[in-house]
Amino acid sequence: MDITRFAAEQAISTMWNRYADPLSLDEIADSAILSKFYFSRVFRSLTGTSPGRFLSAIRLFRAKNLLLETEMSVTEVAYAVGYNSLGTFTSRFTRSVGASPGRYRTMSLAGTHSVLDMVPVPGPGPHGEVSGALSFPESADLLRVYVGLFPSPVVEGIPVACEVLQAPGPFVLRDVPTGTWYLRAAAVELRQAESLPWQRRPALLGEHGHHQVDAHVNVPVGEMTLRPSGFLDPPILRALPELDNWELTELHRVA
């Protein structure tokens, strides 16, 4: 048994079970039976992010669930997932998901999320490109793959550049602002087994580290191989049509 992986899984279980509590890093590390500093290093190496960011992702993911599966007010949802300030919750949710809590609820239940919601608007200044290729296991299910560049390892907010693929193969992310960005991919099944958005998860995920993009330069990253999503992966916060759009996905499912 991999002791470090077991410790990280214990910590993540604690986060999922107690996300509404004011959990400290000491308490999370204690659940993993590791020292705080060693635990933080191990956790980041296995998940790609810090315990605090992972816990925040769980809280916002559960907020998305509650907004869709209950009639709780936004204020009630904020307190239910561990926030003591409605303003803080709203700003973090909006930044991470790409829409305010109220707008997210309305758009998801009305089936008005679309692929266009993923398309960033190029900002001023010089830009570069990132190119590569995607590979993933053959599947009988129809997949749509979102490839994007993000400012952090967690898939949240509007990507600085993205492309949507229907099959494995090459991709080019254009109009990338200069800076260091994390390359991430999520493949979702268009024929989901469950009908409700909060019961769906990405079928495959991919990550390819972080890359420095300079002006007028194409950055080749090689091949990114997608893999099945797992327990150590932080939840995806960015609203994706097949994960957060009830009616549209139902149309795909019965087509």
Return the residues of region 37-51 that are open to solvent by less than 70 Å² (accessible area, probe 1.4 Å) and either free of Cβ contacts under 8 Å to residues at least 40 places away in the same chain or of a type in the set (Ser, Thr, Tyr) (or both); say none if nothing qualifies.
39, 40, 42, 43, 47, 49, 50
Which one is nearest to residue 84 (Cα to Cα), of the residues in region 2-56 that are within 22 Å of the chain's Cα centre (by Cα), part of a helix (DSSP H, G or I) and among the small types (Gly, Ala, Ser)?
56
Return yes when residue 124 is under 22 Å from residue 176 (Cα atoms), without any contact (Cβ under 8 Å) to a residue 24 or more places away in the chain and more than 15 Å from the chain's Cα centre (by Cα) and no when it is not.
yes
Being over 30 Å from residue 232 (Cβ atoms), loosely packed, with under 13 Cβ neighbours inside 10 Å and either of a type in the set (S, T, N, Q) or modelled with pLDDT of 85 or more (or both): is that true of residue 139 here?
no
Restricting to region 202-234, give me the number of residues that are part of a strand (DSSP E or B) and among the hydroxyl-bearing types (Ser, Thr, Tyr).
1
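Would you mind finding the one in 61, 54 that is open to solvent by 20 Å² or more (accessible area, probe 1.4 Å), closer than 26 Å to residue 162 by Cα and touching a residue at least 24 places away in the same chain (Cβ under 8 Å)? So that I can check it myself, show each step before the final result.
Numbers: 54 fails: open to solvent by 20 Å² or more (accessible area, probe 1.4 Å).
61 is the lone residue from the list that is open to solvent by 20 Å² or more (accessible area, probe 1.4 Å), closer than 26 Å to residue 162 by Cα and touching a residue at least 24 places away in the same chain (Cβ under 8 Å).
Step by step: first the residues of region 207-232, then only those that are among the aliphatic types (A, V, I, L, M) and under 14 Å from residue 130 (Cβ atoms), then the one that is surrounded by the most Cβ atoms within 10 Å (Cβ to Cβ). Which residue is that? Walk me through it before giving the result.
We begin by selecting, within region 207-232, every residue among the aliphatic types (A, V, I, L, M); these are 213, 215, 217, 219, 221, 224, 226, 232.
This time we only want the ones that are under 14 Å from residue 130 (Cβ atoms), so: 213, 215, 217, 219, 221, 224.
Numbers: 213: 22, 215: 11, 217: 14, 219: 17, 221: 15, 224: 19.
Of everything passing the filter in region 207-232, 213 is surrounded by the most Cβ atoms within 10 Å (Cβ to Cβ).
Output the number of residues of region 1-25 satisfying the condition of being open to solvent by 70 Å² or more (accessible area, probe 1.4 Å) and closer than 17 Å to residue 56 by Cβ. Full working, then the answer.
Within region 1-25, the first condition is being open to solvent by 70 Å² or more (accessible area, probe 1.4 Å), and the residues that meet it are 1-3, 5-6, 10, 17-18, 22.
Next, only the ones that are closer than 17 Å to residue 56 by Cβ stay: 17-18, 22.
The qualifying residues number 3.
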Is it the case that some residue within region 154-176 is surrounded by fewer than 16 Cβ atoms within 10 Å (Cβ to Cβ), touching a Pro at 6+ places or on another chain (Cβ under 7 Å) and acidic (Asp, Glu)?
yes
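The values are calculated or read from the model by the stated rules, or taken from the named source; none is laboratory data. Since the model is a prediction, treat every value here as computed from it, not as a measurement. All Cβ positions, even for glycine, are placed from backbone atoms using ideal geometry, and neighbour counts span all protein chains on display. Only protein heavy atoms, including side chains, enter the accessible area calculation; ligands, DNA and RNA are left aside. Shrake-Rupley method; radii C 1.70, N 1.55, O 1.52, S 1.80 Å.
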